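Peer 1: Before I ask anything, here is the structure I am working with.
The values are calculated or read from the model by the stated rules, or taken from the named source; none is laboratory data. Because the structure is a prediction, the values reported are computed rather than measured. Every residue, glycine among them, receives a Cβ derived from its backbone with ideal geometry; neighbour counts consider all protein chains shown.
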Amino acid sequence: MQPAISVILPAYNEEAYLPEAIGAIHRAQEKLGLPVEVVVGDNMSTDKTAEVARGLGAVVVPVEKRSISAVRNTAARAATGRYIAFCDSDNRMSEDMLIAIYREMETGAYIGGGVVNARYDRDSWGLFFTHTLLIKTSLLFSRVSMFLFYTTPEAYEAIGGFNEDFLATEDMDFAQRLRRYGKTSGKRYCSIRDAHVILSSRKFDEYGDWAIFTRPITFLRACLRDPKAVHELWYKPRRSTGSNEATPSESPVGDKTG
């Protein structure tokens with residue numbers, strides 16, 4: 001039987017996070033009561049990411065290009081579900097998420113969409129202001145939602161998937177293109193409000209909860225897709241154990257905020 005939904009997880013050295021992420025998907029599948037496929041795009045992990053993913057029932061797709069968009073795209077094209085959804089491998093969906101996605105997509109009124117309600121796995125003022133003042137404000141003006149995306153394979157292919165030239169804001173770009181494409185076919189962009197996503201704060205644990213505010217020029221350059229700024233803000237190791245620092249083109253896909 002064809003899966004109702006394929007959930008795509010991009011992963012680089014995520015063995016510690018996959019059990020919670022995939023476990024959350026399994027709980028949501030139980031609530032949905034329909035077959036669900038988990039597809040993990042393994043971006044040359046050096047730990048047991050692939051082994052852990054397979055042990056949890058996921059399909060593992062190797063990806064050798066260092067790009068979060070390329071990993072999502074490769075994994076998505078291996079998916080077989082009626083609908084496809086994209087979630088980061090260190091985030092967790094709520095138990096009612098797949099029900100909400102399937103319910104809205106089955107109406108035929110939506111091209112796909114995102115999720116409005118998301119919160120970090122811990123609280124701090126730095127996280128609050130980053131999430132509320134920067135992320136949610138930008139989403140309000142762009143008239144899209146993010147955090148977890150879903151659409152049909154046909155719509156995904158029609159817009160060309162995620163742009164593999166982007167090192168940052170590729171998720172915002174995807175949402176905006178999906179919304180525009182929906183307008184051409186008379187369908188709306190859906191923003192789910194009655195389910196939520198728990199976001200990982202691990203990058204803030206490393207870089208500091210106020211990292212974006214203490215480096216506003218670098219953040220602005222990153223938003224304008226300057227690869228050096230993206231590397232400096234999020235990818236450059238702060239606790240180096242040697243001289244193996246990644247370059248912008250080598251940065252692991254898992255080392256990002258969303």
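Peer 1: Within segment 44-75, can you find the residues that are modelled with pLDDT of 95 or more, touching a Ser or Thr at 6+ places or on another chain (Cβ under 9 Å) and not hydrophobic (A, V, I, L, M, F, W, C)?
Peer 2: Within segment 44-75, Thr49, Pro62, Asn73 meet the criteria.
To keep it simple, each residue is scored yes or no on (1) surrounded by fewer than 17 Cβ atoms within 10 Å (Cβ to Cβ); (2) out of contact with any Pro (no Cβ under 6 Å at 6 or more places or on another chain); (3) small (Gly, Ala, Ser); (4) over 14 Å from Met146 (Cα atoms).
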{"position": "Ala79", "(1), (2), (3), (4)": "no, yes, yes, yes"}
{"position": "Phe86", "(1), (2), (3), (4)": "no, yes, no, no"}
{"position": "Asp90", "(1), (2), (3), (4)": "no, yes, no, yes"}
{"position": "Met97", "(1), (2), (3), (4)": "no, yes, no, no"}
{"position": "Arg103", "(1), (2), (3), (4)": "yes, yes, no, yes"}
{"position": "Val116", "(1), (2), (3), (4)": "no, yes, no, no"}
{"position": "Arg119", "(1), (2), (3), (4)": "yes, yes, no, no"}
{"position": "Ser124", "(1), (2), (3), (4)": "yes, yes, yes, yes"}
{"position": "Phe129", "(1), (2), (3), (4)": "yes, yes, no, yes"}
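Peer 1: Moving on. Inside segment 132-248, counting only helices (runs of 4 or more DSSP H) that do not spill past its ends, which hold 1 or more residues that are modelled with pLDDT of 95 or more and of a type outside the set (A, V, I, L, M)?
Peer 2: By residue number, 153-158, 170-184.
Peer 1: Filter segment 1-41 down to residues that are among the charged types (D, E, K, R) and either closer than 18 Å to Glu51 by Cβ or modelled with pLDDT under 95 (or both), then give me how many there are.
Peer 2: So the answer is 3.
Peer 1: Tally time: how many residues in segment 50-61 are surrounded by 14 or more Cβ atoms within 10 Å (Cβ to Cβ) and in contact with a helix residue (DSSP H, G or I) (Cβ under 9 Å, 6 or more places away or on another chain)?
Peer 2: Here the count works out to 7.
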